[in-house]
Amino acid sequence: MTKKAASPGFALSRPLDGQGRGKLLHSAKVFRKLLLCPIIGLESSIPSVRGFRKGVFCSMSERYFCAEPIQTERVQLTGPEAHHLLHVMRAPVGTRVVLFDGSGWEFEAELVRAAHQEAEFLVRHRAYVDRELPVLLLLGVAMPKGDRQKWLVEKAVELGVGRLVPLITTRSVVQPGPGMLQRLRRTVIEASKQCGRNHLMHIDLPIQAGEWFSACAQAKLRWLAHPPRPACSEEPGLSKSAALLKIAAAQMPEVPLREEHSGQMKPLWAVAVGPEGGWTESELAAAQSAGWQLVSLGPRILRTETAALTLAALLSHRATVAFPPASAVS
Ligand code: SAM
């Protein structure tokens, strides 16, 4: 017996002989019979949670995005969503899914016709399901490079960001063009399918950072992320930027808790995150004169997307504390 085979962790590195394979298959069957079947049997008795048709199981949480507003009982799905349903998931007629169109409504629907590139559904039930933040969180960010963009967009959707605004800054290295924006908007749909959002996060066309600073005049909160200056550089003869950085190093400003908001409009909260090369002094000065507060996220230098998502997570939590859902108010 080799040393490898003696270790339980490597036991399966040896090819199984006939007897071993038989034992394994038997164990798998016993596992299925004893554990999985009762669970599936239990779930099949809860039709509102699971859909079963012709022996095919489809979780009701399988969500598909319909680009056209859903206004009738019969709904046609085409394009990549139909392709995924019919050719990747191979869903047969009778499959139940959830459809959403970005309006805030979600629709439980049954597949009634499957053509080559088109699926037709019958809506069985609809509900307005709001999984948005109680504030409109606006994320202005100098877009990072490559895959990190997609990651940023995916996580921003999950965290409830309402609008992502690509910023053009002096040190920006990436400016999303039409193709990139289209791909990122597809990412928004995929992330919304996964996390259950029924409103799509909007991705704006890129704008100059200076324009963004003044465009957010209505926002109740305006935070610009800026790393604190390392202690060793806080020497006599501080430069202008070092003086600004000292402000950033101060404690993060408080968001008013249990703040009241009246009317239909959600309060706007805006944040700005700089490029890998950081903000320039004139950008910092422009932001400050437009009423933005510099905030520090700690002594480590975060990547642009990490800083953006840290702020989004922090503010989505604070928003939920400031405006708790009606059912949670004691
Ligand atoms: N050398 C650059 C500088 O000193 O600004 C680093 C830029 S950092 C990679 C990219 C952006 O993330 C920054 O412009 C800022 O908006 C944000 N950021 C990164 N770390 C931060 C921190 N510790 N506190 C606040 N913002 C931070």
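The values are calculated or read from the model by the stated rules, or taken from the named source; none is laboratory data. Computed from a predicted structure; not experimentally measured. Every residue, glycine among them, receives a Cβ derived from its backbone with ideal geometry; neighbour counts consider all protein chains shown. Quick note on the areas: whole protein, heavy atoms, side chains included, nothing else; ligands and nucleic acids left out. Shrake-Rupley method; radii C 1.70, N 1.55, O 1.52, S 1.80 Å.
Of all residues in segment 132-173, how many are open to solvent by 20 Å² or more (accessible area, probe 1.4 Å) and within 16 Å of the ligand (Cβ to nearest atom)? Total meeting the criteria: 10.
Of all residue pairs spaced 6 or more apart or on separate chains, those with beta-carbon atoms under 6 Å, a first member in segment 85-101 that is of a type in the set (D, E, K, R) and a second member that is part of a loop (DSSP other than H, G, I, E, B) are Asp101/Cys66; Asp101/Pro69; Asp101/Ile70. Residues that are in a loop (DSSP other than H, G, I, E, B), within 7 Å of the ligand (Cβ to nearest atom), modelled with pLDDT under 95 and not hydroxyl-bearing (Ser, Thr, Tyr) do not occur anywhere in segment 301-320.
Among residues belonging to segment 111-123 that are open to solvent by less than 60 Å² (accessible area, probe 1.4 Å) and more than 14 Å from Cys66 (Cα to Cα), point out the one that is modelled with the highest pLDDT.
Residues of segment 111-123 open to solvent by less than 60 Å² (accessible area, probe 1.4 Å): 111-112, 114-115, 118-123.
Of the ones still in play, those that are also more than 14 Å from Cys66 (Cα to Cα) are 112, 114-115.
Details: Val112: 97, Ala114: 94, Ala115: 93.
Restricting to residues being open to solvent by less than 60 Å² (accessible area, probe 1.4 Å) and more than 14 Å from Cys66 (Cα to Cα), the top hit is Val112.
When residues in segment 262-299 are screened for being within 9 Å of the ligand (Cβ to nearest atom), open to solvent by 70 Å² or more (accessible area, probe 1.4 Å) and at pLDDT 95 or above, 1 of them pass.
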